[in-house]
Each structure stands twice: as structure tokens, then as C-alpha cells.
Amino acid sequence: IDYFRPHFGAMGLIVAGVVLGAVLDAVLPVLIARGIDNLTHDGSNETLIRLIVAILVAGALSWTFNFVRQWFSTRVVGDVVRKVRLDAFDAVMERDMSFYDEFPSGKVVSRVTSDSDDFSNVVTLTLNLLSQGLLVLIISGVLIHIDPVLALVTLTIAPVIVAIALAFRHLARIITQQARRSMAVVNNTVQETISGISVAKNFRQEGKIYNEFHVVNDQSYRVNLRQGFFFVGLFPVLNTIAGLGTTIVIFVGGNRVLGHNLTAGSWYLFAQAIVIFWFPLTSIASFWSQFQQGLAASERIFALIDAEPRVVQTAQEQPPRLRGMIDFRDLVFRYTDRQNVLDHFTLHIPAGQTLAIVGHTGAGKSTLAKLISRFYEFQEGTLLIDGQDIRTFDLGGYRRQLGIVPQIPFLFSGTIADNLRYGVPDATDEAVAQAAKRIGNGDWLAPLPDGLATQVGEAGKGLSMGQRQIIALARVLLQDPAIIILDEATASVDPLTEAQIQEGLDEVLHGRTAILIAHRLSTVEGADRIIVMDQGRIVEEGDHADLLRQGGHYALLYNTYFRSQAADYEPGSGFVPVKFTDTEVKQMLEERSISS
């Protein structure tokens, strides 16, 4: 109702069009019936001409009112569906990350697109059924006025048809919902396949993916087949009953005409009224599949719009320029109800500190970054930013001061410049160019055909992983955040690109609080402080040298993962690598690049 409220004026015209159209549609067979009776007693041309003119006028007015109804209903339904789709897309933007953990992207896309179309269909069908229902009421009144006995015979069949149609309502709803769900699974499978097509081709799994899609598609086929058989089997039953009713009316009416209890024109009116009368009743079943489909779609799309957010802000305060002090105080967090990922976790990160987090997979490293980003809601405890509860910030204002560089960056279609200014849409071309040149002195732009105007392709697939990572880093640099989270920006790149990124990191991290989820030795060694996590707990903390001397978890991780990344490491040498200066590292990289 709220969606239709702004269109109440147009809805009034639609209702008027429905009423007047239904009246004139009912008038037409009455005029013909009266014309037959008049021609029976007076066959003059004048009577015939008056009858033809009356029919033409009534037909023209009926067409006009129906056109008005269809015109305004199309406009109103189109506006409402547009608003519903905008609200659904807004809900997609507003949902927190836990929502996307639960619902695959293909099903979310299906709700925003196809479900909104089905919602528009159910509104249009409702208007059509209201028009047909009003026509039935008018015709029923006319029939009762002409001949109550024959009208009673006609009306007696109607409840039987309606009862049969409604009896199948629950089953129709279940089958239709199954059909919608199966189509959503098909959409999700296709989208996932296209997104991961490079992996499938790399492992030569095209046949396996095809077979999986064949199973999903076959399930959808069987559900749709059941739906089709259901409605195909229902219509013959309804048409048979309608045909029996028509036969009874014609037989009883014919006998009453022969007995001079009913005129020929009135009998014709009953015969014509039967067609008008049965159509909306059988249409209840005919439209029921689409109606149920629209109701199921409406449930799905409004469930998306009305979904309660799990990340709840207690206030909407615009944060000032943040210093970047972060405090986890006795915090409890879990993704599901089964197990706590963080159990009464406490951590203090001073403003401006570069903190590296290391640990085995599943230790809770990324969870800390997600909580600082306010992507998930924690269950107990407190998370403070500059001494203020993170739940009191306006999320838009807070995240504008938060820079995130994931391990696998995502770029939107467009140019490199478009992606650089994604966080700062009003950034000038000069500012964009300066941010790009602050990473590796801009040397990474030289191989690109059009520089900053180079098209990146879908999800950045037109560029190498290293180039995408540099763009993601420059994008954060242009944003100028107070807090930076890096999920190891150098984990998937070559040594030369790593050197360029590492050089850019010095620019990005200067004067900011940085959370580094570390997988590379260069990142760990450059941190002010290192914490080692295991099963959601901090088991060690300190700097690189101190932790090595302790010979605990960090030393084990170092010998397992980091040691082989040292510049002078030789397998089997047994010694701890020395630390090179930045100048020595750059010189070695230049010599290696020249020799290669």
C-alpha cells in the first residue's frame, strides 16, 4: 500500500476505468438482446440503424475507458516496480557481509531482477481480475432481473468452478515456489561458473561443470514439468464443468422460449452472458499459476527489503578525523552459533602503529580486520575507535576513513583512473595522477597502452595481478584514510612488483594506523609490532627480533613460512638470514632485472 500511496490519483482513474469499462462491456450484450426483441416486433431499417449506432457508441466508449485503465495502470505498475527494484537494490547495498555468507549472489540477483518482474505481473493480473469480477456482478444482476429461474441455474454452477480452483490453491503455491527456487539455483550455478571459468579451464573441469549444471537444469525441468502437468490437468476439469453448465442453461432457456416464458433476445443474452460469466471464473485457475508465482516473488523480494540487519548502529555520529587508536575489550565473536572465533579477546593498538598479524589459517587474523571494518556484528564486549564505541559511528563517515587492500583486489569496469577515484569521486585528474606516481614512481604505468585511461576489463581481468594490486594500493592512497587494513598486498606478485608495492606501502602507512595480515617476510619485518594468533587468542607479541629469540610460535612460523623468503636464504644452510637495507634490496632487484 505504501508503494501505491503516491499514485492514489491515478489509481482513482484506474478504478473509474474499470467500473465504466465493465458497465459498458455488460451493456453491449444487453443492447443486442433488446435489438433482437425489437427487430422481432419491428423489423424497420430505422430500428436496425439505431441498434447499430448504439452498439458502436457503446463499443467506442468501452474501448476508451479500457484504454484509460490500461494506460494509467501500466504507468502506475511501472513506477511501483521501479521503486521496488530500487529499494531491493538499496537493500542489497545495505546488507552486511553475513547476509552474503548465507545467500549466494545468483539468488540475490534473481530477487532484484526476475522477482520484481513477477511482482508487476501479479499487480496487473489483480487489476484484470477485478475488472472481470465487476463485470460478472453486473451481468448477474441483469440476468436475475430478466429471468430469476434461469439466472439461478446459471449461478448454481459458479460455486463448483470456484471451489475446484481454490481447492488446488495450496498445491499450486507449493509447486510455483519450487519452480522459482529451482530457477534461482540455475541462475546461481551459471553465475558461479562464469565467475570461475578460468579455474575450470585451468584444471580442465569443463565436463564436470557441465554435468553439474545438467543435474541442476534437469531438476528445474522436472519441477516445471510438474507445474505444467498440474495446470494442464486442472483446466480440462474446469472447462468440462463450464461446458455442462452452458448445456444446461441453453437447454432450460430454449424450453422457456418455446413456452413463451422468455424472449429470444433474452435467451441470446443468457447465451452471451455465459461466455462472459465463465471466463473470469475459469481465469481464476488460468491466472492462478502466474498469481502464485507473483505472490512467491513478492515474498522473496520483500523478504530481501525487510531483512533485519545484523550490524546495528546505536547512533549515527559523523566521526571527526580519526587518529586510529583501536581497542578490543573482552570481545566475543562468532560467525555461527556453533563456536566462538574470538572468546573474550582484548587488544590495544596505539594510533599510528603498524601491527602485523600472523598465524595459521583459521587463527582469526581476517576476523579482526572484518570487525574493524564493521562488516560483522560482535556478540559481546566492546570495540573502540579513538575511545568511542564503533557502534555509534555513521558507517558511511567511518568507512571513508578506512582503507582496505585485499589480497585479491577487485576492479570495476572502466579505466584505471575511474578505479583510482572510486573512493573519492570528485578527485581531480592531477590528484589521481599524483597518487599513481607515488607507487613505484609511476613506472608501472609505462607498459600500459593508454596510461591511466587504459580499460581494466571486467573485474580487472585485462591487467596482471600485480597491476591490480598497485591500483588498489594507489586507490587507498588517494582516499587518505586514517586506518589501513592490508590482507598482504604482496602475496601474489613477482619480486619486482613486490618492491614497487613495498615502496608504495611506506607512503601509504606513514602516519596512519595499519593492520597487516602478513604472509610475507618483508611485511612482518617492517611492522612496529607483531602479534601471533592461534585459535582466536594472542599467544605471542613483540618485534621480529624479539620473537625469534623467544623460540616459540613465531619462530616456528618463521622457519615454516617466512625463512625461505629471505634474500640470502639457501636451502639446508641452517643459518638465520641477515637483514638487508632498503638500498641494498633495490640494488639487488635492479641487478636481477637487468640480468634477466
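The values are calculated or read from the model by the stated rules, or taken from the named source; none is laboratory data. Bear in mind that the values here come from a model prediction, so they are computed numbers and not experimental data. We place every Cβ from the backbone using ideal geometry, glycine too, and count neighbours over all the protein chains shown. Side chains are part of the model used for accessible areas, which takes the heavy atoms of the whole protein and leaves out ligands, DNA and RNA. Shrake-Rupley method; radii C 1.70, N 1.55, O 1.52, S 1.80 Å.
From the list 434, 339, the one residue that fits, being assigned to a loop (DSSP other than H, G, I, E, B), without any contact (Cβ under 8 Å) to a residue 40 or more places away in the chain and either over 30 Å from residue 453 (Cα atoms) or in contact with a helix residue (DSSP H, G or I) (Cβ under 9 Å, 6 or more places away or on another chain) (or both), is 339. Kindly evaluate residue 285 against the criterion of being under 22 Å from the mean Cα position of the chain (by Cα) and at pLDDT below 85. Against the criterion (under 22 Å from the mean Cα position of the chain (by Cα) and at pLDDT below 85), residue 285 does not qualify. When each of 538, 530, 517 is tested for being buried (at least 19 other Cβ atoms within 10 Å of the Cβ) and modelled with pLDDT of 90 or more, the lone residue that passes is 530.
For beta carbons closer than 7 Å, sequence separation of 6+ or different chains, a first residue in the range 14-41 that is more than 16 Å from residue 275 (Cα to Cα) and a second that is at pLDDT below 80 and open to solvent by less than 20 Å² (accessible area, probe 1.4 Å), the qualifying pairs are 18/131; 21/131; 38/47; 39/47. Residue check: residue 375 meets all listed conditions (1) over 20 Å from residue 482 (Cα atoms); (2) in a loop (DSSP other than H, G, I, E, B); (3) of a type in the set (A, V, I, L, M, F, W, C) but one, namely (1).
For the range 401-431, residues that are open to solvent by 30 Å² or more (accessible area, probe 1.4 Å) and assigned to a loop (DSSP other than H, G, I, E, B) total 13.
Which one is nearest to residue 330 (Cα to Cα) among residues in the range 541-552 that are touching a residue at least 12 places away in the same chain (Cβ under 8 Å) and open to solvent by 10 Å² or more (accessible area, probe 1.4 Å)? Lay out the reasoning, then the answer.
Here is the first cut: in the range 541-552, the ones touching a residue at least 12 places away in the same chain (Cβ under 8 Å) are 541-544, 547-548, 552.
Now restrict to residues that are open to solvent by 10 Å² or more (accessible area, probe 1.4 Å): 541-544, 548, 552.
On the way: 541: 18, 542: 21, 543: 24, 544: 27, 548: 28, 552: 25 Å.
Per the criteria, the residue is 541.
Is it fair to say residue 261 is closer than 30 Å to residue 25 by Cα, more than 27 Å from the chain's Cα centre (by Cα) and not in a helix (DSSP H, G or I)?
It is true that residue 261 is closer than 30 Å to residue 25 by Cα, more than 27 Å from the chain's Cα centre (by Cα) and not in a helix (DSSP H, G or I).
Out of 144, 139, 164, report the one residue that is of a type outside the set (Asp, Glu), buried (at least 20 other Cβ atoms within 10 Å of the Cβ) and in a helix (DSSP H, G or I). If you could, list the steps in order and put the result at the bottom.
On the way: 144 fails: buried (at least 20 other Cβ atoms within 10 Å of the Cβ); 164 fails: buried (at least 20 other Cβ atoms within 10 Å of the Cβ).
Criteria check complete, one pass: 139.
Considering 242, 184, the condition of being assigned to a helix (DSSP H, G or I), surrounded by 12 or more Cβ atoms within 10 Å (Cβ to Cβ), in contact (Cβ under 8 Å) with a residue 60 or more places away in the chain and under 28 Å from the mean Cα position of the chain (by Cα) is satisfied by 184 alone.
How many residues does the range 452-466 contain that are over 30 Å from the mean Cα position of the chain (by Cα) and open to solvent by 20 Å² or more (accessible area, probe 1.4 Å)? Outline the logic, then answer.
Applying the first criterion (over 30 Å from the mean Cα position of the chain (by Cα)) to the range 452-466 yields 452-453, 466.
From what's left, open to solvent by 20 Å² or more (accessible area, probe 1.4 Å): 452-453.
Number of matching residues: 2.
I'd like to know if the range 553-566 contains one or more residues that are of a type outside the set (Lys, Arg), assigned to a loop (DSSP other than H, G, I, E, B), at pLDDT below 85 and surrounded by 12 or more Cβ atoms within 10 Å (Cβ to Cβ). Yes, the range 553-566 has at least one match. Of the residues making up the range 169-181, those that are surrounded by fewer than 18 Cβ atoms within 10 Å (Cβ to Cβ) and either within 16 Å of residue 219 (Cβ to Cβ) or in contact with a helix residue (DSSP H, G or I) (Cβ under 9 Å, 6 or more places away or on another chain) (or both) number 5. Scanning the range 291-336 for residues that are assigned to a helix (DSSP H, G or I) and open to solvent by 20 Å² or more (accessible area, probe 1.4 Å) turns up 291, 293, 295, 299, 300, 302, 303, 305, 306.
Summed over the range 370-399, residues that are open to solvent by 10 Å² or more (accessible area, probe 1.4 Å) and under 12 Å from residue 515 (Cα atoms) total 1.
Filtering the range 193-209 to residues that are modelled with pLDDT under 80 and buried (at least 16 other Cβ atoms within 10 Å of the Cβ) leaves only 200.
Considering the range 381-400 alone, what residues qualify as being assigned to a loop (DSSP other than H, G, I, E, B) and of a type in the set (Lys, Arg)? Don't jump to the end; show me each part of the working.
Kept after step one, since they are assigned to a loop (DSSP other than H, G, I, E, B), are these residues of the range 381-400: 386-387, 394, 400.
Answer for the range 381-400, where residues must be assigned to a loop (DSSP other than H, G, I, E, B) and of a type in the set (Lys, Arg): just 400.
Pairs, please: C-beta under 6 Å, at least 6 apart or cross-chain, first residue over 14 Å from residue 509 (Cβ atoms) and open to solvent by 10 Å² or more (accessible area, probe 1.4 Å) and in the range 342-358, second at pLDDT 95 or above and polar (S, T, N, Q)? Every condition considered, no pair remains. As a summary of the residue check, residue 220 satisfies the conditions (1) open to solvent by 70 Å² or more (accessible area, probe 1.4 Å); (2) in a helix (DSSP H, G or I) except for the one numbered (1). If only residues of the range 221-257 that are touching a Phe, Trp or Tyr at 6+ places or on another chain (Cβ under 8 Å) and of a type in the set (Gly, Ala, Ser) are counted, the one that is nearest to residue 147 (Cα to Cα) is 253.
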